[in-house]
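For reference, the structure is listed below as structure tokens.
All of the numbers you see were taken from the coordinates with simple rules; none came from a lab. Here the structure is a predicted model, which means the values were calculated and not measured. Don't worry about glycine lacking a Cβ; one is built from the backbone with ideal geometry, like all the others, and counts go over all protein chains shown.
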Amino acid sequence: MKLKTKDLLTLAELSPKEFVGLIENSIKLKRELKKGGNKPILKSKTLTMIFQKPSTRTRVSFETGMYQLGGHAINLSLNDMQLSRGESVEDTAKTLSRYTDCIMARVYNHELLEKLSKHASVPVINGLSDSFHPCQILADFMTIKEKKGKLKGLKIAWVGDGNNVCNSMIYGALLSGIEMSIATPKGFEPDKTVVKESKKSTKIELTVDPFIATKNADVVVTDTYSSIHNSDPKRIKKFLPKYQVNSKLMSSAKKDAIFLHCLPAKREQEVTSSVIDGIQSVVWDEAENRLHTQKALLAALICA
């Protein structure tokens with residue numbers, strides 16, 4: 001599969017056909033792996049991974065994914081790079097492009113990714129920024145497709161902070177034809193531009209009432225109320241107890257609704273243990289699917 005875009009920074013770079021195609025290829029690669037292993041289609045290819053922020057799923061899934069496709073991944077923290085000593089992003093991008101076949105960066109500021117993209121001659125992947133998390137959404141929608149057998153016509157309920165994951169999930173809804181209802185406290189809504197763009201092609205509802213959002217939902221999603229770039233403990237008071245996904249809130253969704261969380265989770269804050277460990281939770285399949293969607297994305301960008 002070949003993508004028209006060189007980079008993946010938000011998901012908005014993809015067409016609906018490309019988005020769904022990546023999901024289908026992810027499922028195919030997962031089946032292939034289970035049957036005996038993936039073909040080494042990235043043999044002798046190298047991925048450079050840049051981490052400003054700590055990572056479990058992003059690092060392990062990308063590194064393992066490159067290995068399973070026959071390639072190699074290099075892990076770099078800022079302290080490992082001359083960026084920490086004042087080298088410009090522009091010069092770093094040009095240098096890495098001479099050594100590597102793709103760059104994945106997990107950063108604080110989305111503008112850093114945009115600079116990498118502008119000055120690198122190889123594909124650049126957003127492994128997470130303060131504005132978007134496209135790789136997570138590929139895994140989420142793969143999981144939804146596996147569990148529900150379809151995407152178009154479903155309803156996703158997002159409860160909590162309208163953060164980077166929420167922004168990318170809205171783009172996922174736009175590209176797949178899924179409806180989305182988003183419940184956040186006032187002042188914590190997702191990006192207005194993302195919402196406006198997506199409303200042109202699918203139904204995006206904003207509300208302050210979690211029970212309105214989850215009514216008749218096929219999928220319920222949440223995320224932490226605070227992260228490394230917004231760890232102010234006062235934030236939590238604005239979300240609890242109203243925006244916690246618990247058994248009562250889940251009962252507002254369809255009986256066969258599934259629960260998603262990108263992880264790591266802060267149990268008994270945004271979600272109770274009874275939900276995340278319950279029969280409706282598919283968070284571990286969701287976490288595993290990061291591996292398969294990373295491989296589909298890498299193959300589509302590097303082999304193109």
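Points to keep in mind about this one:
- In degrees, nearest ten, helix 16-34 long axis to first principal axis of the chain (Cα): 80 degrees
- Distance from the alpha carbon centroid of the range 47-74 to that of the range 199-220 works out to 34 angstrom.
- Links that overshoot a 19 Å alpha carbon limit, given the list LYS196/LYS266; LYS152/LYS199; LYS17/LYS254; LYS150/LYS255; LYS6/LYS196; LYS215/LYS248: LYS196/LYS266; LYS17/LYS254; LYS6/LYS196
- Computed from Cα positions, the angle between helix 110-119 and the longest principal axis of the chain comes to roughly 30 degrees.
- Once you reduce the range 116-138 and the range 85-101 to the center of their Cα atoms, the two points are 15 Å from each other.
- In terms of surrounding Cβ atoms within a 10 Å radius of their Cβ, LYS6, LYS254 rank from fewest to most as LYS6, LYS254.
- Degrees separating the helix 134-148 axis from the principal Cα axis of the chain, which is the longest one: 50 degrees
- For the chain, averaging the sequence separation of C-alpha pairs within contact (under 8 Å, six or more residues apart) and dividing by the residue count gives a relative contact order of 21 percent.
- Computed from the alpha carbon positions, the gyration tensor of the range 195-251 leads to an equivalent ellipsoid with semi-axes of 23, 18, 10 Å, biggest first.
- For the range 223-273 versus the range 23-38, the gap between their alpha-carbon centres in whole angstrom: 31 Å
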